[in-house]
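The values are calculated or read from the model by the stated rules, or taken from the named source; none is laboratory data. Everything numeric in this text was worked out from a predicted model, so none of it was measured. Glycine gets a Cβ as well: all are built from the backbone with ideal geometry, and neighbour counts include every protein chain shown. Note: areas computed on protein heavy atoms with side chains; ligands, DNA, RNA excluded. Shrake-Rupley method; radii C 1.70, N 1.55, O 1.52, S 1.80 Å.
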Amino acid sequence: MPTKVLVTAALPYANGSIHLGHVFEAVQTDVYVRARKLAGDDVVFMWADDSHGTPVQARARKEGISPEELIEKAYDEHVAVYRDFGIGYDIFHTTHSDESRRRAGEIFQTMESSGHITTRDVEQFYCTRDNMFLPDRFVRGICPKCDAEDQYGDACERCGSIYASTELGHPRCSICGEPPTRRSSGHLFVPLAPFEGYLRGWIAAEAGPLQPQVANYVLGWIDSGLREWDISRDEPYFGIPIPGHPGKYFYVWFDAPIGYIAATEKWCQESGGDFNAYWKSTPPQTEIVHVIGKDIVYFHCLFWPAILHAVGYTAPSRVQVHGWVTVNGEKMSKSRGTFILARTYLDHLSPSYLRYYFASKLGSGQDDVDFSFEDFVNKVNADLVNKAANLASRCCKFIHSRLGGTLAALPDDANDLVARGRARLESVADLYRDFELGRSVRLAIEIAEDANLYVTEQAPWKLAKSDPERARAICSVGVWASTVVASILKPVLPQWAETTERMLRLDAPLDFSNGASALPEGHRIGEYEILAERIDAKKLEAISEASREPDPASSHEKGSDANRHVPELAGEIKIDQFSPVDLRVGEIQTCEIVEGSSKLLRLTVGLGELGERCILSGIAKSYTPEDLVGKRVVVLANLKPRKMRFGISEGMILAAGETDDAITVLELDAGRCQPGEKVS
């Protein structure tokens, strides 16, 4: 019986357009889903727009339209972009739906009746002119951490600090500009401490749901003490009213993940599926896999499993956390022309190229991926055009134009090549299942490389007249290899596979079980169809120019954004500049030796609310990885990311020493400082 799998991606927020960061996550999820379907699993991809919250209110007010009009416009735009990128979801719903409203209300009432909801008063800003409590985004003032002016009431866009709106200096209402007053209002909370035992057990399960690095990070939050979670907001608020609590609305992060459940309900209604089999079976009948960015781990790995457990729903069996997308080694910037909207890309280039490039860079970890224009052009032209497409082109064209279009049996001298190709195809289902997309597509390119070398060495064009059957056999090996390549690449490049199926006149669609089956002797193929064409680097220049704006982006969208980056700290600096510097407390989460280097260690350093950084440090001759994990260190946090031979380094840890084997890292007392704090 096929394994039943429910897969979700993070919900794109409905107050902005889809950009490359969103596409990155969508491609990863889509490839995973397609691969598992090709492997024979029963997979559905449930998805939705995240349509509630203060940013939607603020954006709608700015545009002079209602929130409903804004989210409807965003929904149509999002659907069109994902369609054009070939994202094969089963349903793309919205959290502004009857299903979301009903499920959120039922889950809340179940938690309330079982004692999992508490209430207490919270002091907030209130505008007497507009007669309303002010959500965080409706208050602006001076950042309490760095004194930056005109900042939102929840986070500073200059230094990245997170705070309560009541901490702002010289606050004012962003609607009327008047200073607000302070008033108390009753709020609803979910205490997380009672779920500590469950959460620890969920994380430590034999087939753990989290990557090791993520698990360590989440356990660190648990060890520091689980806090209660405010799940209510005062009206006016664009969201779902809380049953039994007039004037109160669910905080967007309470109802957003419930959108996964609501989308499943809607899909089951339309397709006849069994809702309970996905979310409420005991024991669980379904694998639930969430694909998210590392900025929303807290919500998906603490709040979400606790809520599901409290109401008897199935918890995720895997939360796959990916890194962020940078462009040309830096975070996206409108002024540099690197904040690229998905539609801008589509106006200039085929989506297949970006799907392949992202897939080739993705592994099972959460490393950031750099969309380097130069590397993008080189990789697509080298892998897809010069190797995979060239193999199909030279062999199919030769057979069709010179040898009557019929195939021969595969010759004995290709047995080793064929055996290696079959072994590679047999391994890809497990690789894709473990999110090792890059390793999977690399196997396809290796098959193309082997076959191209074989055809070149055997030179069938020299034999076309003297020994046409030998020439036919040689080129038939290339056709066979092209079929295997298309099978492996099918989750990434479905159109490539469809073209191959049509061109070779295959009786059945390719999958992982039939992709290496040799076509029978005498099988007639069709005329070659173009699989890929070279990318002109000028296309990237045009994309960059179309994306360029005079001023940097300042949208600061909600955390479900798959590419949200840490805001600029104290001004990005180059490696040879040390002023101004922004020093932060960092906790070393993981450490490993960099293969191929005798001096470098690769560190993952947590900076609290500022997220994590990958740092390459030349201290391998003074420390082993085991020496460093868990230590608190000083990090130069606003150092410009540096592209090195072994990857991108996103900061520097402070250390000193006269020789490579006598370096001392500056350590801090873990009991007196927390990750992310400034060091002066």
* For S401, state whether it is at pLDDT below 95 and under 22 Å from R502 (Cβ atoms). => yes
Taking the range 366-376 and keeping residues open to solvent by less than 30 Å² (accessible area, probe 1.4 Å) and in a helix (DSSP H, G or I) leaves F376
Across (1) within 29 Å of D84 (Cα to Cα); (2) open to solvent by 30 Å² or more (accessible area, probe 1.4 Å), R470 clears everything bar (1)
If I filter the range 341-362 for residues that are closer than 22 Å to H78 by Cβ, part of a strand (DSSP E or B) and touching a His at 6+ places or on another chain (Cβ under 6 Å), do I get at least one hit? yes
Against the condition touching a residue at least 60 places away in the same chain (Cβ under 8 Å), farther than 30 Å from A80 by Cβ and more than 18 Å from the chain's Cα centre (by Cα), how does N390 come out, does it pass?
yes
By my count, strands (runs of 3 or more DSSP E) wholly in the range 92-174 with at least 3 residues that are under 30 Å from A9 (Cβ atoms) and out of contact with any Gly (no Cβ under 9 Å at 6 or more places or on another chain) are none
Sole miss for S487 among (1) open to solvent by 10 Å² or more (accessible area, probe 1.4 Å); (2) touching a Gly at 6+ places or on another chain (Cβ under 9 Å); (3) polar (S, T, N, Q) is condition (1)
Scanning the range 405-445 for residues that are among the basic types (K, R) and over 21 Å from A392 (Cα atoms), the one most open to solvent (accessible area, probe 1.4 Å) turns out to be R439
Subset of the range 51-72, residues assigned to a helix (DSSP H, G or I) and of a type in the set (A, V, I, L, M), comes to V56, A58, A60, L70, I71
Counted residues in the range 243-259 being more than 16 Å from T54 (Cα to Cα) and in contact with a Phe, Trp or Tyr (Cβ under 6 Å, 6 or more places away or on another chain) come to 1
Among helices (runs of 4 or more DSSP H) completely within the range 377-488, the ones holding 1 or more residues that are of a type outside the set (G, A, S) and closer than 30 Å to K538 by Cα are 390-402, 437-458
Practice problem: Answer yes if at least one residue in the range 648-660 is among the polar types (S, T, N, Q), out of contact with any His (no Cβ under 9 Å at 6 or more places or on another chain), open to solvent by less than 30 Å² (accessible area, probe 1.4 Å) and touching a residue at least 60 places away in the same chain (Cβ under 8 Å), and no otherwise. | Solution: no
Of the residues in the range 512-529, those that are surrounded by 18 or more Cβ atoms within 10 Å (Cβ to Cβ) and under 21 Å from E426 (Cα atoms) number 4
Residue count, the range 393-435, condition more than 32 Å from the chain's Cα centre (by Cα) and aliphatic (A, V, I, L, M), comes to 10
V377 being more than 20 Å from the chain's Cα centre (by Cα) and not hydroxyl-bearing (S, T, Y) = yes
Checked against (1) at pLDDT 75 or above; (2) farther than 30 Å from L425 by Cα; (3) open to solvent by less than 20 Å² (accessible area, probe 1.4 Å); (4) of a type in the set (V, I, T), V581 satisfies every condition except (3)
Only one of A516, A497, A508 is in contact (Cβ under 8 Å) with a residue 60 or more places away in the chain and farther than 21 Å from R402 by Cβ, namely A516
Pairs returned, first residue in the range 295-315 that is aromatic (F, W, Y), second residue that is outside any loop (DSSP other than H, G, I, E, B) and surrounded by fewer than 20 Cβ atoms within 10 Å (Cβ to Cβ), beta-carbon separation under 9 angstrom, 6 or more apart or interchain, are Y298/W221; F303/W229
Checked the range 34-83 for anything over 30 Å from P494 (Cβ atoms), open to solvent by 40 Å² or more (accessible area, probe 1.4 Å) and either in contact with a Pro (Cβ under 7 Å, 6 or more places away or on another chain) or of a type in the set (D, E, K, R) (or both); matches are R59, R61, K62, E63, E68, E69
Answer yes or no as to whether L506 is in a loop (DSSP other than H, G, I, E, B), over 26 Å from V23 (Cβ atoms) and modelled with pLDDT of 95 or more. yes
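Table: residues versus (1) closer than 24 Å to D255 by Cβ; (2) surrounded by fewer than 18 Cβ atoms within 10 Å (Cβ to Cβ); (3) not small (G, A, S).
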position: R129; (1), (2), (3): no, yes, yes
position: M132; (1), (2), (3): yes, no, yes
position: R137; (1), (2), (3): yes, no, yes
position: E167; (1), (2), (3): no, yes, yes
position: R183; (1), (2), (3): no, yes, yes
position: H187; (1), (2), (3): yes, no, yes
position: P191; (1), (2), (3): yes, yes, yes
Q.
Among the residues of the range 195-215, are any in a strand (DSSP E or B) and open to solvent by less than 20 Å² (accessible area, probe 1.4 Å)?
A. no
Subset of the range 1-15, residues open to solvent by less than 10 Å² (accessible area, probe 1.4 Å), under 27 Å from P135 (Cβ atoms) and out of contact with any Phe, Trp or Tyr (no Cβ under 8 Å at 6 or more places or on another chain), comes to A10, P12, Y13
Of those in the range 73-91 that are aromatic (F, W, Y) and assigned to a helix (DSSP H, G or I), the residue farthest from S513 (Cα to Cα) is Y75
With the structure loaded, tell me whether R336 is assigned to a loop (DSSP other than H, G, I, E, B) and open to solvent by 50 Å² or more (accessible area, probe 1.4 Å) or whether it fails that test. yes
Listed by first then second residue, the pairs whose first member lies in the range 30-50 and is farther than 22 Å from S352 by Cα, whose partner is open to solvent by 40 Å² or more (accessible area, probe 1.4 Å) and in a strand (DSSP E or B), with beta carbons under 7 Å and at least 6 positions apart or on separate chains, are D42/K4
